[in-house]
Structures are given as structure tokens and as C-alpha cells.
């Protein structure tokens, strides 16, 4: 048979048509991705100039130093700064993902700013006798906090409110401790500055007295599994043993589940292997009394030093606790939650407000905070957009000043809380950060650590303009050993005296009505963290998912809850729905709860709860 | 494909040592890994444990009842098997290869057809399948690492010791006129991020590196060592029960818990 050109063309055409029906061409198309790396539906990372910038993390009081890798100015990853004197190169999981917060699905992007300002002016003008204007500052010690205090000093009947400072405002010198008794404090899981804690860890013996095996308990040198809620009893018993070796311990032994002998031996161990330090989860007065008995004050506990402030700032309103304010007396309340801080249950705040139309303005970056209860929720910049200073951490015995310097511009329409409040009070608070920096520079004390070159320079050798520039590039000022900072909080050598019996003895009714002791499963609310934190609760069991509680299967059965199910968490402050998971590693009588907005609304420190089937 | 015998003679044989007595289970390694390698957050509505996590920290206990119960956190990532690497053998697409220069077991999503044979073959369950196209909340894609391409739905992925960082270190070394990467110039994200310093990284061919020293430590062990796959991740613990659990033929009986 003779082949014509037509046959060849037909064969080629048929072959081409047939090939379309085979996987080969489609595979080639897919393989083209090998060079293009571009698939529909998959985002392409932006390219650009890569630079390193430095700042300090504002997500908790530790304020760890951060090196940000930026692509065309946009931070794409964060890491610690090795050799940093305070944070020692460490960064926690929350800090590592801080650059995602501006894109959080719960981000508050707009708010009624003008309406809030008008409502505040009107409410301040029509205040009745005894009615006050107050600022609740969840992260005291910042320069913004001084602005609030100055503002409230300028207002008639102005109050500056803050959560109680841990350890009565003292600072911990972990490097000097040789034995640490932790009464449920999450020492290795978010307490203080992680890098500093891990650096000091090799030098002290850690005894963790806690009902459940928390991550800290799992890594402690000794874990004392005590009964839920008996931490105050143990601290009190130890203090009593130290003050009077013949003291009766049967009641404390009954409460804690330890023997008399164990308590006595523990007390002797703390004295024998000192300098000792006692920390507690809920800042128990009993722990302060025990620290006093152990002679910790002036050794492992010192007055917390703060960086100098300009002289005119010192005419400021004093810091007060929310509990000290008369009920139904606050007409206008500002709440600054632009940076995460301590939490006070909303019910404790609400009762301080006047009954008829109080004005509550919150400054927040997320929709999940107190803004849910306030008339006005105003949006603020969030780390790493904002520029703010970070007060010294609890484990920083020296004064320090560092800025969480902005790494990216905030979106339009964000409100500066301190400027808003200062304007309402009629004071000038512009350039407060720079004024504070000038005051520090004027003192001539301490050293400046710069991140880019990891160098410490005596402050007296740094020019004022260079100091300000360095601070905006993540540098850290730290007072020296012999320096005397202009301001300090806490009272070394004069601890808060122990008054009254431990909470578990003083409220038997509460113990019966709410039999479960609440322990938070982590220091942060997962719902207010980067979406990537789902790796820790959805793709592993390191943390509990938001609004979830774990309890012993026997406790769950007693409450009529079977397996995984929905339930109601009830505390003296209210109730909220939660998911319940049984977990036999949680001891009976205890409830491990993931902190979340709804849970925090009804759980304060030392809270008891019950769980009922939904 | 390079044979395992050959890559043992390679210039570098990267490995890791994880000190379980230091790991606090904080999860910094997991999120740092996800940030570095453009691993997306858990997909909305996805069931638990179906997301991609190149390194996963497990909480393992001694099987005793409270209060005798003791637990340890064990980060598990691709063990970078150095001998008879199971995933390499089963892949029909040659999408898994051992890099002869580093000993790193690499996964090429462009070649992967999603058969998941490698997942079935991996004795460490350290491979993850993309059930969904990766998605980030609006705007968050701006924070993606430009050195790592996000993977599409339908392919398997796993830890590659942050291979993008290895390339970057190699480029820096070349630019500086060095013949190779110096110790410390190349560190995976999980190592860099661990606040407790529990994870150390280095070249097993360098006898002074942390993993090489750990390999000789009597308190070190490797997971499923009896399989003979010569994993390059060494775990370390002074606690006897931890090593005993690791060597046990079966894990302790699971207690009643819906969390794990």
C-alpha cells in the first residue's frame, strides 16, 4: 500500500487528537508548574528587597526583642535576638506569629470616634456629685499609663485604675534564686520572660506544687501533686513551720493531701538550699508571707524599678484597684486594651458603673474584648503596627525602657487611646515617648543595647538624637547595678502582710456551690492570637481550643456529661457555653479551661466553677 | 536517585538532637515551621489532626494513673531516614529524593500525584496530605515567605529541614567566597525558635556537632530504631521511663482522653 502525504497528515492529526485524550499533555501542563510554581488557588508570595528590622514584642509584659525579616518592608517572619540582655534570643509561639495580628479575622477596623468623643464630653459635663471619670489600664507602667494618670489628675474626680500588680509590685531576680517553690505558677510556660527563665533554669531547683501535671510540673525537679485549691494552705503551713516549728499541721495536711512530714521537710529544704523564692499562680498573699518568712525580700524579690519620667509627669493620679472604687460611681470609663494585659471579669467592672447610661469607651484592636459590652469600641493599631513602650517584666530586677517600634503602617482610621483621653481631659500629651526618652537620657545612667550589632554602650556616650533613633530601631535601655532610677514600685523589705485565712477556708459556701477549681490551660486567649495557633489545638493537643474545658471523666460523669459534649460553665460571676472534653490527667475537682473572651468574662483569679450539662 | 550508601559518604549529613528534658511543649517550633514554610492555618471546618504540620509535638505519658502519671513532650518531624528510606522506595513518581549533598529527604510537590503511598510507608506518620488548597485570612498572604512556594491541594508534604534556608546559606557562603556552609550558618526554623534550646542541629559527619555528640550519648535514642532506617533525629532524655517508653514494642495503654 502506498502512503500518500494525506495519510501522513491524517495520522499526525489523529495522533494529536488522540494524545489530547491521554494524560500526557495534561501532565506536561502540570509539570510546567515546576518552572512557574504558580497554581490557580494558591497564593504567590510577594518578592522584593529583603531586610532585617528590630523591635520589641508588645504581646505580653516580657517585651522580648524581635528581629523581623521584611520583604519590601512587610514583615514575613519574626525571630528572637540572640545575646539580648533581657530576652536572650527567645520568643514564644505567640510572639513568633505576632506579624499576623493585623490580618486577624476579628480585627476591629472602624468605630464611631466622633460620636464617642461627643458622648464623653456630654457625660463629663453632666456628672453628678460623687460620680467619677476613670481609665482602666490593663498594662500599667507604660508612658501611655502616665498620660492616663496625668489626664485623670487634670479631671475633677478622675480615677486611674489598674489590675493589681503581681507580688505587690515587686520584681523577681531569678538569677539569684537557688530553689524555687512554684504554687501553680506556669514558670516554664509563659511566666516572665521565657529566655530569661530558661537561662536561669539550670541554676535553681524547681519544686512545682500543683494539682495537675502542667508543662511546668512535667519538667520540674520535683512535682508535688496537691489537692485542687490548696495552694494557699500549703504556703501558709510552710510560713507557719518557719515561724514556729511546733505548729500543728494536721489541717494543712488534710487540705493539701501531703503529710505533716512532707510539709516540714519542704520548709527545711527551702531554708537549707536558699536563696529561695516562692511564686504563685494567683498572686496569693500567703505566698508573699512565705517569701517574707524565707527572707526572700531584698534577695530574690526586689522593688521593681521603672525608667525615669519627666518631672512634670509626677503630678499624676495614683494607681487604684477596681475593687477599691465605690459601686455605681463611674460615669465615664475608658478601657485601654490596645495591648494584651491582665483581665478583670466584666461583672466586676460593670458594678462600678452608674446605673443610668454610663459611657464606656474601649480602645481595642479586636472585636472580642470589653468592646462587646461597651457603647463605643474604637479601633487601635496592633502590634507590630503600633509604637509604644514596654514596662519592665516581672523578672527584670533593673529598670528598662524599650519601644515596640512600628514595623508597618496601621490602616487609616485607627485611634490613639492616650491622645483621645488626653484631649478629653484637656492636657497636652503629644510626644510623650520622646519626652520620656529625653528624661532617661538626662539621667545619664545605664547602658543601651543595640540589636543590629549586639553591642552595649554606656548611655553617657550616646547622643540624645542617637538614643531616640536607636530606641526606634528596637534598642533597649537598662539601668546599671548601682543606678538609682527615679521611680520604683513595690516595697523591698516591706511585703504585703498576710491577712486573713486562705481563701479555701474562708468561703465554704462557695466551695460547695462551685466545687471545681479553675486552672487556665495557657497564658493567652487563643482566639486573640494568630490563626496559625490552630496548630497547637487543632493539629495537636498542646492546648485546648478556645472555649473548651477539660475535666476528669469521673467529674464529667458526676455532672451528667458524657464524652465530648457541650455544657455550661458556671461561676459566681455568670455562665457561658463551653465544649467539654474528658481527660484523666486532670485531677478530680479541677477544671482546665482555655481562656477566651466569654470564659474570661466570668473567671477571675482564684475562681471556682461548676459545669452543668447544656 | 542517589543510593543510601552513597549519601552516607556525602560532604554533609544533617541531623538533629532534641532534648526531651528541656521541651516545654510550648509549640514555638510548630508555628515557626508553619511561618517559615508557608503552611496554612487549619482549614475552616476541617476535622482535628487533618491539617498540615511538618513538626508535631505529642504529649506522651508513662501510662500510670494520677498522681503517678508522668508526661513528656515529644516533637516528631520527618526523621530523615538514612537507610532504606521507606518513602523513597514506594513513590511511583520519584517525587521523594535524598539530596546527595545534605542527606536531606526532599519532597517535590510538583511531581507528587497524591497517591499517598509514602504516607502509608512512613513509620513515623510525619507526612501530610493537602486535603484543601492552602488558604490564609484575607491579607495574611502578604506575610508569606518568598523563598518557599505554597503547595496545592492533592499533594503530600513534609519537613525538609527548611531547605530554603539551606539554599540561602549556600548562596551567602558562595557570595563570601567560602567553599561550603559553616556550622551555624544554616539552622532550620524550629531550631532557631525553640526558646528552651531543646532542639540542636548540625552535620552528623562533623564529630563535634551536637547531633554527632548526641548520637554517642547513652541517654539518646531514635524512634523505631529497630526498623533499621537509620533516622537522623536523635532524642535525648535522662529520664529512664522516657527511654523505656520509646523502646517499648507498644505504647502504654491509652487513658481516657478525647484530647489526643
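The values are calculated or read from the model by the stated rules, or taken from the named source; none is laboratory data. All of these numbers come straight from a predicted model, not from anything done at the bench. Reconstructed Cβ throughout: ideal geometry from the backbone, glycine too, with neighbour counts over all protein chains shown.
Please specify each residue of the range A:584-614 satisfying the condition of being at pLDDT 85 or above and either over 22 Å from the mean Cα position of the chain (by Cα) or outside the structural domain of residue A:528 (by TED's automatic domain parsing) (or both).
A:586, A:587, A:588, A:589, A:590, A:609, A:610, A:611, A:612, A:613
Could you please find all residues in the range A:576-592 being part of a strand (DSSP E or B) and surrounded by 15 or more Cβ atoms within 10 Å (Cβ to Cβ)?
Of all residues in the range A:576-592, those part of a strand (DSSP E or B) come to A:576-583, A:590-592.
Matches in the range A:576-592: A:576, A:578, A:579, A:580, A:581, A:582, A:583, A:590, A:591, A:592.
Within the range B:8-18, take every residue that is crowded, with 17+ Cβ neighbours inside 10 Å and not in a loop (DSSP other than H, G, I, E, B) and give me the one that is farthest from the other protein chains (Cβ to nearest Cβ).
So, considering only residues that are crowded, with 17+ Cβ neighbours inside 10 Å and not in a loop (DSSP other than H, G, I, E, B), the one farthest from the other protein chains (Cβ to nearest Cβ) is B:15.
Scanning for something buried (at least 22 other Cβ atoms within 10 Å of the Cβ), within 19 Å of residue A:591 (Cα to Cα), free of Cβ contacts under 8 Å to residues at least 12 places away in the same chain and within 14 Å of another protein chain (Cβ to nearest Cβ), does the range A:202-217 turn up at least one residue?
yes
Please tell me if residue A:82 is within 25 Å of residue A:477 (Cβ to Cβ), outside the structural domain of residue A:364 (by TED's automatic domain parsing) and at pLDDT 95 or above. Write out each step before concluding.
Values: within 25 Å of residue A:477 (Cβ to Cβ): yes; outside the structural domain of residue A:364 (by TED's automatic domain parsing): yes; at pLDDT 95 or above: no.
No.
Among A:79, A:90, A:117, which is the only one that is touching a helix residue (DSSP H, G or I) at 6+ places or on another chain (Cβ under 9 Å), more than 19 Å from residue A:369 (Cβ to Cβ) and more than 13 Å from every other protein chain (Cβ to nearest Cβ)?
Only one candidate passes the filter, namely A:117.
All but one of (1) more than 29 Å from residue A:392 (Cα to Cα); (2) in a loop (DSSP other than H, G, I, E, B); (3) within 14 Å of chain B (Cβ to nearest Cβ) hold for residue A:223, so report the exception by its number.
Going through (1) more than 29 Å from residue A:392 (Cα to Cα); (2) in a loop (DSSP other than H, G, I, E, B); (3) within 14 Å of chain B (Cβ to nearest Cβ) one by one, residue A:223 breaks only (2).
Using beta carbons and a limit of 9 Å, which pairs, at least six apart or on different chains, have the first residue in the range B:175-198 and away from chain A (no Cβ under 12 Å) and in contact (Cβ under 8 Å) with a residue 24 or more places away in the chain and the second one surrounded by fewer than 12 Cβ atoms within 10 Å (Cβ to Cβ) and assigned to a loop (DSSP other than H, G, I, E, B)?
Cβ pairs passing all conditions: B:183/B:208.
So which residues in the range B:150-170 are within 12 Å of chain A (Cβ to nearest Cβ) and either in contact with a helix residue (DSSP H, G or I) (Cβ under 9 Å, 6 or more places away or on another chain) or part of a helix (DSSP H, G or I) (or both), if there are any at all?
Going through the range B:150-170, the residues within 12 Å of chain A (Cβ to nearest Cβ) turn out to be B:150-155, B:162, B:164-165, B:168.
Result: B:150, B:152, B:162, B:164, B:165, B:168.
Just give me the residues in the range B:19-39 being facing chain A (nearest Cβ under 7 Å) and not in a loop (DSSP other than H, G, I, E, B), in sequence order.
Selection gives B:28, B:30, B:31, B:32, B:34, B:35, B:36.
For the range A:532-547, enumerate the residues that are surrounded by 23 or more Cβ atoms within 10 Å (Cβ to Cβ), in contact (Cβ under 8 Å) with a residue 40 or more places away in the chain and either out of contact with any helix residue (DSSP H, G or I) (no Cβ under 7 Å at 6 or more places or on another chain) or within 21 Å of residue A:99 (Cβ to Cβ) (or both).
Once the filter is applied, which keeps residues that are surrounded by 23 or more Cβ atoms within 10 Å (Cβ to Cβ), in contact (Cβ under 8 Å) with a residue 40 or more places away in the chain and either out of contact with any helix residue (DSSP H, G or I) (no Cβ under 7 Å at 6 or more places or on another chain) or within 21 Å of residue A:99 (Cβ to Cβ) (or both), the range A:532-547 yields A:532, A:533, A:536, A:543.
Taking the range A:529-542 on its own, how many of its residues are more than 7 Å from every other protein chain (Cβ to nearest Cβ) and within 23 Å of residue A:576 (Cα to Cα)?
Counting residues in the range A:529-542 that are more than 7 Å from every other protein chain (Cβ to nearest Cβ) and within 23 Å of residue A:576 (Cα to Cα) gives 2.
Of everything in the range A:226-236 that's away from every other protein chain (no Cβ under 12 Å) and part of a loop (DSSP other than H, G, I, E, B), which residue is farthest from residue A:276 (Cα to Cα)?
Applying the first criterion (away from every other protein chain (no Cβ under 12 Å)) to the range A:226-236 yields A:229-236.
So of that shortlist, the ones also part of a loop (DSSP other than H, G, I, E, B) come out as A:229-230.
Numbers: A:229: 23, A:230: 21 Å.
Among those residues, the one meeting the criterion is A:229.
Residue under question is residue B:138, and the condition is that it be under 30 Å from residue A:190 (Cβ atoms), at pLDDT below 95 and surrounded by fewer than 17 Cβ atoms within 10 Å (Cβ to Cβ); does it hold? Can you show your working first?
Values: under 30 Å from residue A:190 (Cβ atoms): yes; at pLDDT below 95: yes; surrounded by fewer than 17 Cβ atoms within 10 Å (Cβ to Cβ): yes.
So residue B:138 passes the test.
Filter the range A:279-307 down to residues that are in a loop (DSSP other than H, G, I, E, B) and surrounded by fewer than 24 Cβ atoms within 10 Å (Cβ to Cβ) and give me whichever is farthest from the chain's Cα centre (by Cα).
In the first step, residues of the range A:279-307 are kept if they are in a loop (DSSP other than H, G, I, E, B); the result is A:281-284, A:294-296, A:298-300, A:307.
With surrounded by fewer than 24 Cβ atoms within 10 Å (Cβ to Cβ) added as a condition, the list becomes A:281-283, A:295, A:298-299.
Working: A:281: 14, A:282: 14, A:283: 15, A:295: 29, A:298: 26, A:299: 26 Å.
Among them, the one singled out is A:295.
What is the number of the single condition among (1) under 30 Å from residue B:195 (Cα atoms); (2) within 14 Å of another protein chain (Cβ to nearest Cβ); (3) at pLDDT below 90 that residue A:61 does not meet?
Evaluating residue A:61 over (1) under 30 Å from residue B:195 (Cα atoms); (2) within 14 Å of another protein chain (Cβ to nearest Cβ); (3) at pLDDT below 90 leaves (2) as the failure.
Does the range B:162-176 include one or more residues that are touching a strand residue (DSSP E or B) at 6+ places or on another chain (Cβ under 6 Å) and more than 30 Å from residue B:58 (Cβ to Cβ)?
Going through the range B:162-176, the residues touching a strand residue (DSSP E or B) at 6+ places or on another chain (Cβ under 6 Å) turn out to be none.
No, the range B:162-176 has no match at all.
Please indicate, with yes or no, whether at least one residue in the range B:210-223 is touching a residue at least 60 places away in the same chain (Cβ under 8 Å) and assigned to a loop (DSSP other than H, G, I, E, B).
Yes: one or more hits.
Take the residues in the range A:326-342 that are surrounded by fewer than 20 Cβ atoms within 10 Å (Cβ to Cβ) and within 19 Å of residue A:601 (Cβ to Cβ); name whichever of them is modelled with the highest pLDDT.
So the first thing to find is which residues in the range A:326-342 are surrounded by fewer than 20 Cβ atoms within 10 Å (Cβ to Cβ), and the list is A:326-329, A:341-342.
Subset that is within 19 Å of residue A:601 (Cβ to Cβ): A:327, A:341-342.
Numbers: A:327: 95, A:341: 82, A:342: 81.
Per the criteria, the residue is A:327.
What strands (runs of 3 or more DSSP E) lie completely within the range B:40-142 and have 1 or more residues being within 11 Å of another protein chain (Cβ to nearest Cβ)?
Values: elements: B:56-61, B:71-76, B:96-98, B:105-107, B:127-129.
Output list reads B:56-61, B:71-76, B:127-129.
So in the range A:177-201, with the set limited to residues that are assigned to a loop (DSSP other than H, G, I, E, B) and over 18 Å from the mean Cα position of the chain (by Cα), which one is nearest to the other protein chains (Cβ to nearest Cβ)? Can you show your working first?
Keep residues of the range A:177-201 that are assigned to a loop (DSSP other than H, G, I, E, B), which gives A:177-178, A:184-193.
Those left that are additionally over 18 Å from the mean Cα position of the chain (by Cα): A:177-178.
On the way: A:177: 18, A:178: 20 Å.
In this case the residue turns out to be A:177.
Of all residues in the range B:231-260, which are at pLDDT 90 or above and surrounded by fewer than 19 Cβ atoms within 10 Å (Cβ to Cβ)?
Result: B:238, B:239, B:240, B:241, B:243, B:244.
With respect to residue A:5, determine if the residue is surrounded by fewer than 21 Cβ atoms within 10 Å (Cβ to Cβ), more than 20 Å from the chain's Cα centre (by Cα) and within 14 Å of another protein chain (Cβ to nearest Cβ). Before you say what the answer is, go through the steps one by one.
Working: surrounded by fewer than 21 Cβ atoms within 10 Å (Cβ to Cβ): yes; more than 20 Å from the chain's Cα centre (by Cα): yes; within 14 Å of another protein chain (Cβ to nearest Cβ): no.
No: the conditions fail for residue A:5.
Out of the range A:561-588, which residues are away from chain B (no Cβ under 14 Å) and either closer than 18 Å to residue A:512 by Cα or in contact with a helix residue (DSSP H, G or I) (Cβ under 6 Å, 6 or more places away or on another chain) (or both)?
Once the filter is applied, which keeps residues that are away from chain B (no Cβ under 14 Å) and either closer than 18 Å to residue A:512 by Cα or in contact with a helix residue (DSSP H, G or I) (Cβ under 6 Å, 6 or more places away or on another chain) (or both), the range A:561-588 yields A:568, A:569, A:570, A:571, A:572, A:573, A:574, A:575, A:576.
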